[in-house]
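All remarks here apply to the structure that follows.
Read-outs throughout are calculated quantities, based only on the coordinates presented, and are distinct from any laboratory measurement. For clarity, every value in this text was computed on a predicted model and none was experimentally measured. A quick note on method: Cβ atoms are made from the backbone with ideal geometry, for glycine too, and the neighbour counts reach across all protein chains shown.
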Amino acid sequence: MQSFEWVDAESVEQAVTLLGESKDGRPVVAKAGGMDLLDLMKGGVLSPHRVVNLKGIKGLDGVRFDARQGLELGALVTLSRISREPEVRNRFVALSEAAEHAATPQVRNAATIGGNLLQRPRCWYFRNEHFHQAGGDDLARVRDGQNQYHAIFDNQRTAMVHASTPATALLAYGASVELVGPGGKTRTVPVSELLLPPDMKRPRDTVLAPNELLTRVRIPAPAAGTRAAYHKQGERESYDWPLCDVAVVLQLDGRVVRQAAIAMGWVAPTPRRATEAEKLLVGRPVDEELARQVAKAAVAGATPLSKNAYKVSILETVVRRTVLAAAKA
Amino acid sequence: MQDVKDTSDTRGATTPADGQKTQEAGPAKPPPPNPGPARQQAMPYGIVGQRLEQVTRRVPVDEPPPLPENAKLKSIGKPVSRLDGIEKVTGRARYTFDVQLPGMLWGQRVLAPLPHARIKSIDTSAAERYPGVRAVHVMERLLSTAKLRDPKAEQGNRYPTVRYAGQPIAGVAADSPRAAEAAARLIKVEYEPLPHVTDLEEAMKENAPRVFPGPTEQPSTAGGGGAPPGLPQKGNVRGPDSKPLGMGPRGDVQRGFAESDVVIDVEYRTQVQTHVPMEPHGLVADWRDEGLTLYASTQYMGSVRDEAAEYFDLPKSKVRVICDYTGGGFGAKYGIGNFGLLAIHLSRKARAPVRMVLDRREEHVSGGNRPNSIQRLKLGAKKDGSLVAIQLKAWGSGGVAGGAGVGFCHSTLYECPNVQMEQYDVFTNAGPCAAFRAPGQVQGIFGLEQSIDELAERIGMDPLALRNKIDVSRTDDAVARAHERRVGAEKFGWSKRRPAGSDKGPIKRGVGFAQSQWLYLVHRNTGCEVRVLGDGSVEAFSGTQDIGTGTRTILAQVVAEELGLRPEDIGAHVGDSRYPPGPASGGSRVTSSLTPAARNAAYRCARDLASRLAPVFQASADDIVFADGKVMVKGKASSAMPFRDAVKKAGFNEIAHRAERRDDYEGYMAVTPEMGISRHGIGGVQFAEVAVDTETGIVKVERVLAVHDCGRPINPKLTESQIYGGVIQGVSYALYEERHLDAGSGHQLNANVDQYKIVGSRETPSIEVILLEQLGAQSSTDARGVAEPANVATAAAVANAFYNATGKRIRTLPMTPANVLAALRA
Ligand SMILES: Cc1cc2nc3c(=O)[nH]c(=O)nc-3n(C[C@H](O)[C@H](O)[C@H](O)COP(=O)(O)OP(=O)(O)OC[C@H]3O[C@@H](n4cnc5c(N)ncnc54)[C@H](O)[C@@H]3O)c2cc1C
């Protein structure tokens, strides 16, 4: 790891100003829990000139729920807090489950929701310094190489997948984030638009500007009859990255589905909504057979690579099981 | 295909008329054991609690009388907690990683980014000028690799050819780690890239790029591994080795298959597993005029000293190796390694101690691995289960090193008149393999034990009953396994086993069984010194090392037993090459080698002490007994005096005796300069229960029952701990671990502990251990080993349980969802 400067930011404003000083070759980067940042620095993938510590900024670690406004999470709220917070557990169980099953207890204690959404892909080509220096065609390397954990959808331009698993649940809940730029300029961006297909040659995989801060995550209040479930399927249970993860949010009227959201992570460059599958659910009661059809529709159009076709059938299983779990929740 | 000319083969291989090479015989036939005066001694033999007989052995006269079974002992055989446990859990234990010496420099390696290349030039000038840099060294020789039989092929080359991405090229020593790292990046290496190949099957093709330009040799380390000398080599394919361990072939397999009622002909594949010890390889070298001191994370200080002496032309007496604790070793921590070579050169140049410790990435890439394999295994049998023919053809790649065989079980575990084996090493541009916890045998048993199960099913026989019929070699391990099958089946509930694929739902459960077989080895040159000081304190010294098995503790237990003391009363010292030579911590041989030497030395001290105490007690020395921390005259409880008080009364400064590990009383089947190989093996059987999610391909091992023998267990608690570790590592191998290389660049993609997947707490099954106490009447303690045997059967037992659960065979490791779903669809 190379030497760098450290600054403790005291306010959003100050952090934004410091981040604005970032230049090519002398990047200034924000640090929240530091879980991803440190990994990238130790791996030689990122060598910041200056690190701006956000942890001292007041007012970014709140969890608020309001029946009209919904849920608001400060960017510095940790994953472990999200997994425990009663308001989240009771009303947004897919999110608390996603937080609880991310990473390890130690990582969850440090990792913040803001940093989690902004983390870089875990693609093992991306994480290896060598492939940043080697040049060449990043996509061809993955297509010809070890792509067992890569995207099975939309993989024509990049096969890397976004790493955040809470993002899958946030997408299903229709969450958005608040971004603050210079002069306090604030914009709200849906999670579905925040994330961009990962790219080895770009410094980030989101629409966040270099001098913007992610300050809040918001989820609209759930409608009456909302049921949800989340499942992360890893090779291991103790701690593992997913082969896929699925969040399902249903609004039920009796047993009949009025609205459905199915979000699937780790199968496409960004978490993906299974729109056709969702349509099958609306207006019908969920049963085994419908769940089977929905799951089939969810994986339709998959374009697996040389080594990851197995992910398609696993995804199909996980969608079916999670739809059923949500309906029973 | 152009044949690689095999010109410099001086090792006695001959070329018969048919052009086939034959290899020389295995290890030498040993001389009779223990020359010198001996007595005929009646000794207990058998499995304690089962049936003990008396046998008569020829025992050297100065060895103690035989020990009774553990139940009659006070210290040996008791579940004593590790004496250094508190040091370890409080962080006080000093591992090589922790060694900090005054003025110590930090070493950094320069690694090759290409998988195959000639080095045209190296410019170190910028690194040498970098602030804080004290020495730079460019490697002129490379260890841990196969060697060209005829070095002429690469003679003009100034530097070793790069044959894998991550191969060390040079090293830097600097005042701080950061300066060393920064300076290492300034070393400019100009490469001429050469074509490379990383995949086993690709490398076997005729037109594959050549990893070596000619035939090679790979001597084995003290930990095993390596490849037999003088084998033919075509392209990247070296072999066949048809006599692993000097055993087989026999009979005529073709005739055997013709006579068989059932033939099972299948292919198995296993992956590359890396060792991942908690503490990576590392060495701190301190070169001084008066001698070289090496702090090493090693499994064998002797190999560190010997290699340092050889490569730096030093008398062995000038090299001292210190190893207080080794943070794990599974076969790869032998010798000084390339990192050690660099550390010593740099220390000599800088005239300061240099610390060179691999990082996690290098540990995966160049620290050693268990080679992969493709095994074609053909079994022929009669309807009654008797085996008629076994034929094995196996290929494996240990990267740039040889030693990718799949063990010796095919010719030794089961009775079979016709056996043929061909094992090939295939070179690839990948990091070198090394011995790894029962090298070869883990891969071989994975295939063999599944095929035996398949045979049982085909002839409608219970898998255990079939083993009862064919596992009949009358060696101690076969005797142990017969007993283990019986007690294990009962404990596990084997009779409740259902037909394969019984569960209707997507989650299917099943049980399986497999057998273990490993060598019983003795480190021949093992000594131990025991001292009784004038104040009654006792110390024991052995130049062995503790890699986490609890060597200090068992050493103390054995000495304590002879002197009637508690293990914690004994100062047990290991980890310094100045102590009497100790065994390598490999080949499951520390306890089998060290404890008899320790007991012999303690016995001599006790006898010496008794004769000095005789006047104090006014009794004959023969009547002085040591028990419960006291000394007394036999049969006279009133004479009892605390040990320390008695010793003080004897009025001496110190009694010291050194004794050796004698040969096994029955002698060995074969010997090497360092090792005695018994005709008896070590057995063990394991039962596993799994749940397979047939929709996601997730396999969960829920329960393992491990029934093992290790001769006399000196410390059942530590033994069980070894068995837990063996099972856990076995599950990890069966289900998760796999090195992934990128074929295009030759780089390992998962050289970390994130994407290199190891079993975690939730994947650890519930493990139950049943431990036999088996007395073989071979040494003064009758201890054998268990570390490797505990790792041999697990993957096969899990695979057999997988079949019982699903009705499908899984012939490819690891059992990842991808491989499982493919197997279920087959
Ligand atoms: C062993 C392990 C297992 C893991 N498993 C999972 C998993 O299963 N699922 C999962 O989702 N994640 C997983 N992670 C990733 C982990 O959750 C993320 O690294 C973590 O959430 C990042 O949050 P952080 O607060 O530490 O971010 P940091 O590392 O501090 O920052 C991450 C990035 O976001 C930027 N940043 C952070 N906060 C802000 C902000 N408020 N405004 C603007 N920029 C900001 C930083 O500049 C940096 O680029 C795992 C990590 C590890 C080490």
For q = 0.18 Å⁻¹, what log10 I(q)/I(0) does the stretch B:525-662 give under the Debye formula with an equal point scatterer on each alpha carbon and no solvent?
-0.89
Would you work out which of B:Thr672, B:Val731, A:Val93 lies farthest towards the positive end of the dipole of the protein assembly as shown? Charges go on Cβ: Lys and Arg +1, Asp and Glu -1.
A:Val93
Checked chain A against the a/c 1.5 cut and the a/b vs b/c comparison, axes a ≥ b ≥ c from its Cα gyration tensor; verdict oblate
Please work out the C-alpha center-to-center distance from the stretch B:138-160 to the stretch B:415-447 and express it in whole Å.
26 Å
Three semi-axes of the equivalent ellipsoid, the protein assembly as shown, Cα gyration tensor, whole Å, largest first
53, 36, 33
Cα-based shape type of chain B, given that a ≥ b ≥ c are square roots of the gyration tensor eigenvalues and the cut on a/c is 1.5:
oblate
What is the distance, in nm, between label points placed 7 Å from the Cα along the Cα-to-Cβ direction at B:Glu87 and at B:Arg566?
1.9 nm
Which log10 I(q)/I(0) values does the stretch A:226-328 give at q = 0.10, 0.18 Å⁻¹ under the Debye formula, counting every alpha carbon as one identical point scatterer?
-0.25, -0.77
Within the stretch A:284-312, list the residues whose amide N lies under 20 Å from a label point set 7 Å along Cα→Cβ of B:Ala822.
A:303-312
Net charge of neighbours whose Cβ lies under 11 Å from the Cβ of A:Ala300, counting Lys and Arg as +1 and Asp and Glu as -1:
-1
Return the ratio Rg/(2.2 N^0.38 Å) for the stretch B:93-189, where Rg is computed over Cα atoms only.
1.22
Tell me which trypsin sites (Lys or Arg not before Pro) from the stretch B:239-309 have a DSSP coil assignment and no more than 13 other beta carbons within 10 Å of their own.
none
Just in the stretch B:78-138: which trypsin sites (Lys or Arg not before Pro) are loop by DSSP and have at most 12 other Cβ atoms within 10 Å?
B:Arg92
Stretched fully, the stretch from B:Arg158 through B:Val61 gains (0.36 nm per residue minus C-alpha distance, one decimal, in nm) 29.1 nm
Place a point 7 Å from the Cα of B:Lys316 in the direction of its beta carbon; the residues of the stretch B:536-575 whose amide N falls under 15 Å from it are B:543-544
How large is the dipole of the stretch B:525-662 about the Cα centre if only Lys and Arg carry +1 and Asp and Glu carry -1, each at its Cβ, rounded to the nearest 20 debye?
220 debye
Fully extended, how many nm does the chain gain between B:Glu190 and B:Gln50 (0.36 nm per residue separation, minus their Cα-Cα distance)?
43.5 nm
From the square roots a ≥ b ≥ c of the eigenvalues of the alpha-carbon gyration tensor of the stretch B:713-788, which class results: rounded (a/c under 1.5), prolate (a/b over b/c), or oblate?
prolate
I'd like the distance between the alpha-carbon centres of the stretch A:44-115 and the stretch B:659-689, rounded to an integer number of Å.
57 Å
Separation between the A:Gln156 and B:Ile459 pseudo-spin-labels, each 7 Å from Cα along Cα→Cβ, expressed in nm?
5.9 nm
Lysines with Cα under 22 Å of B:Lys243, excluding same-chain neighbours fewer than 8 positions away:
B:Lys21, B:Lys29, B:Lys147, B:Lys234, B:Lys378, B:Lys393
For the stretch B:348-471, what percent of Cα pairs sit more than 22 Å apart?
48 percent
Modelled label-to-label distance, B:Asp384 and A:His130, 7 Å Cα→beta-carbon offset: nm?
5.8 nm
Ranking of B:His196, A:His130, A:His101 by count of other Cβ atoms within 10 Å, fewest first:
A:His130, A:His101, B:His196
Rounded to a whole number, the Stokes-Einstein D of the stretch A:184-258 in µm²/s (Kirkwood radius over Cα pairs; 10 °C; 1.306 mPa s) is 98 µm²/s
Using all Cα-Cα distances in the stretch B:686-826, what percent lands in each 10 angstrom bin from 0 up to the longest?
12, 36, 28, 17, 6, 1
Two-site FRET efficiency, A:Arg273 against A:Ala221, from Cβ-Cβ distance with R₀ of 22 Å, rounded to 0.05
0.60
In the protein assembly as shown, taking the dipole from +1 charges on Lys and Arg beta carbons and -1 charges on Asp and Glu beta carbons about the Cα centre, the listed residue (A:Ile113, B:Gln748, B:Ile459) farthest towards the positive end is A:Ile113
Quick calc, the protein assembly as shown, dipole around Cα centre from Cβ unit charges on Lys, Arg (+) and Asp, Glu (-), nearest 20 debye, gives 900 debye
I'd like the FRET efficiency for A:Glu87 and B:Glu490, computed as 1/(1 + (r/R0)^6) with the beta carbon distance as r and R0 of 41 Å, rounded to 0.05.
0.15
